[in-house]
Amino acid sequence: MSITVERIWWRPLDREEKIWVTIALIWCLGTFFMMPVWHVIAKQNTPNESYKVSVDDFEKIVIAFNEKYKVREESGVPVVHPPAGSDIYLAGTGIWQWSSILELEAGKEYRLHISSIKGGGDVAWQHGFSIVSAKFNANFMIVPGYDYVLKVTPTEAGEYGLICNEFCGIGHHLMAGKIIVKG
Amino acid sequence: MAEQFRTCPTTGLKVHLPAETLIKVNAVAAVVCLLVGGLAALLILLTRWPAIHLLDEEWFYRLLTAHALDMLIAWIIFFEVAGLYFGSTVLLNNRLPAPKVGWVAFILMVVGGAFINYTVLVGQATVAFTSYVPLKASPLYYLGIILFAVGALTAIGHFFAALVVAKKEKTYEGSLPIVTFGLMCAATIAVFTLLHGAAFYIPTFLWSAGILPHIDPEMYRLAFWALGHASQQINVCAMVAVWYLIATLTTGAKPLNEKLCRTAFLLYVLFINVASEHHLLVDPALSIWHKIVNTSYVMHLAVLASMIHAFAVPAMIEVAQRKKGFTKGLFEWLKKAPWGNPAFASMFISLMGFGFVGGITGVTFGTEQISIIRHNTWSITGHFHGTVVLGTTLAFMGITYYIVPLIFRRQIFSETMAKLSPYFFGGGVFIFANAMMFAGGYGIPRRHWDVTFAGAQFPFQFDPTAFFFLALTGLGGLLAIIGGALYVLNTVASVFIGKKIQ
Amino acid sequence: MSDHKEGFEAPGTFVIALVFLAVFVVVYVVNFKLLSNIWQIR
Amino acid sequence: MDEQKALSWQALYDNMWGIFALGIIVPTLIYTVWGLIEIATLPQMDVSKAMEALKPAVSQQAVPAAEAASAMAPEAATQAPAH
């Protein structure tokens with residue numbers, strides 16, 4: 001096996017190399033500019049609004065929110081129906097549950113704040129916020145101490161699953177809830 | 001000094017004996033880790049296959065943690081250290097400047113690896129690979145990772161020192177050979193990675209020991225992925241270097257244009273590490289501009305690099321093959337390639353698999369907005385099994401068939417096993433990774449013990465098609481495990497009972 | 001080897017590369033299509 | 001002449017420590033430093049405003065005027081004597 005390198009290896013590219021590098025570069029730049037362009041032309045984008053908030057403060061807000069808009073309970077979990085267009089709050093809890101079942105109206109935009117609270121447990125974990133349905137899934141991170149604001153418009157009525165998809169301890173796989181969207 | 005070298009009769013390469021011993025021990029440690037990680041893989045696989053659902057939840061998460069650490073960190077970094085010593089000594093007719101330092105590094109890594117495996121297996125560190133705070137493991141776990149990282153850093157420092165010595169003692173002329181140049185780039189990427197590892201594992205260790213009160217979870221995520229994702233970029237870079245090496249060894253090919261290949265490696269060094277952002281695209285706190293610039297490796301320049309390598313490696317093989325007279329049509333060169341040579345088969349499957357399965361999906365899922373539908377689903381797991389397993393692991397398996405005769409001076413125990421292994425492994429992981437990605441498309445989460453949500457308050461029912469892909473993942477995984485077992489058994493048998501080569 | 005040639009030195013590889021690019025484009029476009037099916041989020 | 005140019009480019013690529021330095025500095029600045037600055041300078045959520053909006057709904061027979069006044073100008077309400 002030869003391991004010597006030619007003395008001069010700096011030389012022009014062959015034709016096919018030039019063509020391929022050009023094609024590849026165009027594709028790479030295209031996929032790069034697609035991201036800012038999609039922010040302008042499309043309605044499915046990563047939200048750009050978030051805040052710092054202490055775990056206890058967010059818990060206070062979630063409790064107040066649930067109390068104010070609770071319409072009923074399902075298996076001990078409050079179902080809340082906030083007014084369309086309002087600020088709404090949802091948290092993953094330290095006992096591997098979701099803080100409420102949201103009941104939303106289709107076609108209305110909400111400012112959905114997501115974060116993590118202790119909720120009767122000892123620790124506010126990181127969670128994965130994953131809306132799942134037969135048609136799609138959408139995923140965001142829940143990080144304790146941070147309020148992530150998703151300006152979300154449920155487009156179609158139905159019942160959607162809400163599961164945790166970030167490992168958050170031993171109760172992780174039981175952490176399933178739902179979001180109800182009314183037509 | 002002279003008696004510390006031997007000359008390989010077949011290749012004519014000069015081998016520094018202390019370096020040879022270090023290459024041996026690191027390679028053996030790597031294969032042991034692959035074995036442990038592989039056993040964990042089998043058990044996890046049989047648990048995520050809903051029809052079998054083997055382990056209980058506690059053991060599932062423990063073994064998932066162990067599998068990730070033994071594979072993504074231990075197997076690959078041990079092997080890379082062996083590769084770095086090889087690239088900086090044997091390929092350069094060079095010596096390893098301080099073999100004792102090599103032993104210190106090795107011992108640190110072994111002790112670190114032992115701490116990690118012990119704490120995880122006894123249940124003191126069921127925190128998954130990421131150990132996202134505030135999930136807390138015992139301090140020994142973090143200490144294990146720190147020791148491992150310090151050991152790896154020491155080995156990399158040693159590699160750079162060897163390069164300096166080689167240059168000073170003029171053991172080679174002109175530029176570094178492309179393989180060593182690629183390894184040097186991988187080592188640079190590794191230093192970035194391991195420094196970030198130190199920057200947050202040390203505070204996290206102190207937090208776990210009760211000394212620090214709080215670790216900011218978002219800062220932890222930012223720093224963790226500079227280790228967790230960037231460590232896989234070391235693999236990409238090292239794997240590409242191995243492609244060039246195997247292409248040369250098996251077909252006598254030479255890079256068509258070194259300028260192009262080296263520029264591509266340089267683009268890796270500059271930009272590949274920022275793609276740690278792939279894990280933070282749907283995180284709070286970071287702006288969309290930080291996300292877009294970083295997730296795209298700065299305008300996809302590192303993707304351009306991969307596309308260059310993906311062209312340059314088969315092109316150099318094609319040119320070499322055409323010179324041998326395989327000039328009929330477009331693909332005679334490929335049909336008549338040495339497919340019976342396990343190193344070639346591994347390399348070419350690795351090349352294609354990395355590009356078509358891992359690479360395409362990596363760029364696509366790493367697009368800022370597309371992350372919304374892929375983040376933390378099984379699609380991501382499918383993607384990185386396409387890169388790290390089908391790509392890196394298979395390439396490393398391929399080069400083993402040269403390392404065993406050259407360094408261990410043993411014949412490969414069974415030619416048949418060696419021939420079959422890459423096809424089983426490559427085919428298995430191909431099915432497995434793709435099936436995972438389809439399952440993830442239905443929203444099947446990663447790191448999840450039970451996607452039927454039995455016993456949950458509000459169980460969600462996934463589309464039945466998703467369960468077809470879960471089963472297909474299981475089947476593909478079993479095939480891959482057969483291929484992996486063939487490799488491990490064959491390698492171990494060759495090293496210990498293979499026929500000696502004088 | 002480096003001297004300029006009119007034809008391609010590695011036409012087979014070039015075809016493989018174009019197939020690769022085609023698959024890439026398909027996967028990329030399909031994913032954006034899937035993305036456009038979800039709720040409006042901004 | 002051409003060879004001289006090629007050699008100087010090659011020397012650039014042979015500069016191991018230059019590549020090493022760039023490989024550490026570039027991603028550290030673009031990814032880590034920029035990211036840490038963004039996380040560190042993230043604004044605080046306005047908790048009191050959020051809580052204000054979530055006050056229990058006022059029932060019809062309650063004292064709307066005082067409530068409204070305190071909601072509008074909390075400082076003024078605290079200074080005013082209690083009813």
Expressed as a whole number of Å, what is the distance separating the alpha-carbon centroids of segment B:46-76 and segment C:22-42? 31 Å
Pull out a ≥ b ≥ c, the square roots of the eigenvalues of the alpha-carbon gyration tensor of segment A:49-182, then state rounded if a/c is under 1.5, prolate if not and a/b is larger than b/c, and oblate in the remaining case. rounded
In debye, nearest 20, what is the charge dipole magnitude of chain B about its Cα centre with +1 on Lys and Arg Cβ and -1 on Asp and Glu Cβ, if you could check? 1700 debye
Mean projected area, convex hull of alpha-carbon positions in chain C, reported to one decimal in nm², is 4.9 nm²
Could you pull out every residue, at least 5 positions away or on a different chain, whose amide H is within less than 5 Å of the one on A:I101? Hs are placed 1.01 Å off N in the peptide plane, and Pro or chain starts have none. A:V79, A:V80
In square angstrom and rounded to 100, what buried accessible area do you get between chains C and A, total over both, with the probe at 1.4 Å? 2900 Å²
Take D:L22, B:L55, A:L162 and sort them by solvent-accessible surface of the protein heavy atoms, 1.4 Å probe, largest at the top. D:L22, B:L55, A:L162
Which whole-angstrom value gives the distance between the alpha carbon centres of segment B:340-367 and segment B:382-406? 11 Å
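Considering only protein heavy atoms and a 1.4 Å probe, what is the carbon-and-sulfur percentage of the accessible area of segment B:56-104?
On the way: 900 of 1320 Å².
For segment B:56-104, the apolar C and S fraction of the accessible surface comes to 68 percent.
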Part-to-part distance (alpha-carbon centres) for segment B:134-200 and segment A:120-174, which is given in Å: 38 Å
Does segment B:16-174 come out rounded, prolate or oblate, given a ≥ b ≥ c as the square roots of the eigenvalues of its C-alpha gyration tensor, rounded meaning a/c under 1.5 and, failing that, prolate meaning a/b above b/c? prolate
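Kindly sort B:M436, B:M417 by accessible area of their heavy atoms, largest first, with the probe set to 1.4 Å.
Heavy-atom accessible area, descending, gives B:M417, B:M436.
Leaving ligands, DNA and RNA out of it, report the carbon-plus-sulfur percent of the accessible area of segment A:2-41 at a 1.4 Å probe. Before the final figure, lay out each step's value.
Details: 1570 of 2120 Å².
Accessible surface attributable to carbon and sulfur in segment A:2-41 totals 74 percent.
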Just list whichever of B:K324/D:K5; A:K108/C:K33; A:K70/D:K49 have alpha carbons separated by over 29 Å in the model shown. B:K324/D:K5
Quick one: 3J(HN,Hα) in Hz for segment B:11-27, Karplus 6.51/-1.76/1.60 with θ = phi - 60°, rounded, Gly and Pro as x. 9, x, 7, 8, 10, 6, 4, x, 5, 4, 4, 5, 4, 4, 5, 5, 5
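What ratio of Cα Rg to 2.2 N^0.38 Å holds for the protein assembly as shown? Walk me through the intermediate numbers first.
Numbers: Rg = 28.0 Å, N = 810, 2.2 N^0.38 = 28.0 Å.
So the protein assembly as shown has a normalised radius of gyration of 1.00.
Roughly how much accessible area, to the nearest 100 Å², goes out of reach of solvent when B and C pair up, both sides summed, probe 1.4 Å?
Details: alone 20720 and 4630 Å², together 23130 Å².
That pair hides around 2200 Å² of surface in total.
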Cut-off 10 angstrom, C-alpha nodes, Gaussian network model of chain A. Which of A:T46, A:T22, A:T155 fluctuates the most? A:T22
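Note down the net charge around B:N117, summing +1 for each Lys or Arg and -1 for each Asp or Glu among other residues with Cβ under 11 Å from its Cβ. Let's see the in-between values first.
Details: positive: B:R62; negative: B:D70.
Here the count lands on 0.
Under a Cβ-only charge scheme (Lys and Arg +1, Asp and Glu -1), can you give me the dipole magnitude of the protein assembly as shown about the Cα centre, in debye to the nearest 20? Present the calculation step by step, with values, prior to reporting the outcome.
Values: 53 positive and 51 negative charges, 493 e Å.
It comes to approximately 2360 debye.
Just to check, using Stokes-Einstein with a Kirkwood Rh over alpha carbon pairs, what's the diffusion coefficient of chain B at 20 °C and 1.002 mPa s in µm²/s?
Here the translational diffusion coefficient equals 93 µm²/s.
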Please check chain B for the longest run free of GluC sites (Glu not before Pro) that are loop-located per DSSP (anything but H, G, I, E, B) and have at most 16 other Cβ atoms within 10 Å. B:174-502
Segment B:210-278 - charge dipole about Cα centre, Lys and Arg +1 at Cβ, Asp and Glu -1, debye rounded to 20: 380 debye
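Divide by every residue of chain B the summed helix terms, -39500 (n - 2.57) for each DSSP H run of at least 4, and state the resulting mean residue ellipticity at 222 nm, rounded to the nearest 500 deg cm²/dmol. Don't skip to the end; give the middle numbers.
On the way: 19 runs with 327 residues, N = 502.
Calculated at 222 nm, the ellipticity per residue is -22000 deg cm²/dmol.
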At 222 nm, what helix-only mean residue ellipticity would chain A give, in deg cm²/dmol to the nearest 500, using -39500 (n - 2.57) for each DSSP H run of four or more? -8000 deg cm²/dmol
Which whole number gives the average count of other chain Cβ atoms within 10 Å of the Cβ atoms across peptide D:3-9? 3
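Compute the relative contact order of segment B:338-502 as a whole-number percentage, counting only Cα pairs closer than 8 Å that sit 6 or more residues apart in sequence.
The value is 31 percent.
Over all directions, how big on average is the projection of the convex hull of the alpha-carbon atoms in segment A:2-41, in square nanometres?
On the way: hull surface 18.7 nm².
Over all viewing directions, segment A:2-41 projects a mean Cα-hull area of 4.7 nm².
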Within 10 Å of each Cβ in A:154-165, the average number of Cβ atoms from other chains: 4
Losing no less than 40 Å² of accessible area (probe 1.4 Å) relative to the isolated chain, the residues of segment B:454-488 are B:Q457, B:F458, B:F460
Could you please tell me the mean projected area of the C-alpha convex hull for segment B:395-502, averaged over all directions and given in square nanometres to one decimal? 8.3 nm²
Over both sides of the D-B contact, add up the buried accessible area with a 1.4 Å probe and give it to the nearest 100 Å². 2600 Å²
When ligands, DNA and RNA are left out and all protein chains stay put, how many square angstrom of accessible area per residue does the protein assembly as shown have with a 1.4 Å probe? 37 Å²
Value of relative contact order over segment B:33-134, rounded to a whole percent, pairs C-alpha under 8 Å and six or more apart: 35 percent
Using Cα-Cα distances under 8 Å and only pairs 6 or more residues apart, what relative contact order does chain B have, in percent? 14 percent
Tell me, what % of the accessible area of segment B:302-403 is carbon and sulfur with a 1.4 angstrom probe? 70 percent
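The values are calculated or read from the model by the stated rules, or taken from the named source; none is laboratory data. Since the structure is predicted, the reported quantities are computational estimates derived from the model, not experimental observations. Positions of Cβ are generated from backbone atoms using ideal geometry, with glycine treated the same way; all protein chains shown enter the neighbour counts. We work out accessible area using only protein heavy atoms, side chains counted, and drop any ligands, DNA or RNA first. Shrake-Rupley method; radii C 1.70, N 1.55, O 1.52, S 1.80 Å.
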